[in-house]
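Taken together, the values in this text are just the output of simple stated rules run on the coordinates, not laboratory data. Values in this document were obtained by computation on a predicted structure and should not be read as measured data. We place every Cβ from the backbone using ideal geometry, glycine too, and count neighbours over all the protein chains shown.
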């Protein structure tokens, strides 16, 4: 966990209480952000997860692994307090020599659950194909498959309806990913159809449900 601790921002719960009663259980959630315009909802999703977790006596700490393209759509200053943001640059800046912690491995060890929301078409293809060319996909490739993983696809409706997407979504489910299907609405590009990311409130509900299920399985 030393790579986590060396971040400029300490990963700590952003929702009350500041000192947790003994009934609260600590959970670590890694939120993956990819190059969909739906990444504009990352700050809201993080807050929804924290708030809903608190209602279920979960003291949730969130770290975000953001692809370079996702950073076009949100800023660190928009995130709830004490949520840690990691980028591809951190993967390299925190490693100097053999024996130093490797960030994507440290994040994998740290997280109880990973949720990629939005999961764009490009990252979906990488995950299914086993590619790992940035911080987030390296975490996913190194993931402990006994721990829950949630994805919420977001893309143009023609991309969502493409045969390749149908095959890849089926493969994700076969690999044990919980897939939160997109919704039909007006898209950022001006088209209308299925492909918009599910609402953050719904994704947060799925995340908390998976954390609670994880407790019953232990």
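Determine the percent antiparallel among the DSSP beta bridges restricted to the chain, to the nearest 5.
Numbers: 4 of 26 bridges.
Counting DSSP beta bridges with both partners in the chain, the antiparallel share is about 15 percent.
Using the alpha-carbon centroid of each, what span in Å lies between the stretch 73-130 and the stretch 139-218?
Computed from Cα coordinates, the inter-centre distance equals 17 Å.
Using just the helices of the chain, give the 222 nm mean residue ellipticity in deg cm²/dmol: DSSP H runs with n ≥ 4 each add -39,500 (n - 2.57), and the total is spread over all residues, rounded to 500. Show your work: numbers first, answer last.
On the way: 9 runs with 82 residues, N = 218.
For the chain, the value works out to -10500 deg cm²/dmol.
Taking all pairs of different Cα atoms in the chain, averaging 1/r and flipping that mean, what Kirkwood radius in angstroms comes out? Numbers along the way, then the final one.
On the way: mean 1/r = 0.0572 Å⁻¹.
Roughly 17.5 Å, rounded to one decimal.
What FRET efficiency do you get for residue 173 and residue 68 if R0 is 25 Å and r is their Cβ-Cβ distance, rounded to the nearest 0.05? Working shown, then result.
Working: r = 28 Å, r/R0 = 1.12.
E between residue 173 and residue 68, to the nearest 0.05, is 0.35.
If a/c stays under 1.5 just call it rounded; otherwise compare a/b with b/c (prolate if a/b is bigger, oblate if not). Do that for the stretch 91-140, with a ≥ b ≥ c from the square roots of the Cα gyration tensor eigenvalues. Can you show the working numbers first?
Numbers: a/c = 2.68, a/b = 1.73, b/c = 1.55.
Note, shape of the stretch 91-140 comes out prolate.
Place the peptides 185-195, 41-51, 205-215 in order of packing, highest mean first, counting for every residue the other Cβ atoms within 10 Å and averaging per peptide. List each step's numbers first, then the result.
Numbers: 185-195: 13.8, 41-51: 22.7, 205-215: 17.7.
Going from most to least packed, we get 41-51, 205-215, 185-195.
Quick one: among 106, 199, 174, which has the greatest mean-square fluctuation in a GNM of the chain with alpha-carbon springs under 10 angstrom?
Top of the fluctuation ranking is 174.
Translational diffusion coefficient of the stretch 40-84 at 25 °C, 0.890 mPa s, Stokes-Einstein with Kirkwood Rh over Cα pairs, in µm²/s as a whole number.
Details: Rh = 11.1 Å.
D = 221 µm²/s.
Give the relative contact order (percent, whole number) for the chain; include only Cα pairs under 8 Å separated by 6+ residues. Please report the intermediate quantities before stating the final value.
Numbers: 422 pairs, mean separation 48.1, N = 218.
The value is 22 percent.
What percent does the relative contact order of the stretch 121-204 come to when contacts are Cα pairs within less than 8 Å and at least six residues apart? Each step should come with its number before you reach the end.
Numbers: 113 pairs, mean separation 23.9, N = 84.
Answer for the stretch 121-204 is 28 percent.
Which residue, 95, 110, 160, has the most motion in a Gaussian network model of the chain that connects Cα atoms within less than 10 Å?
95
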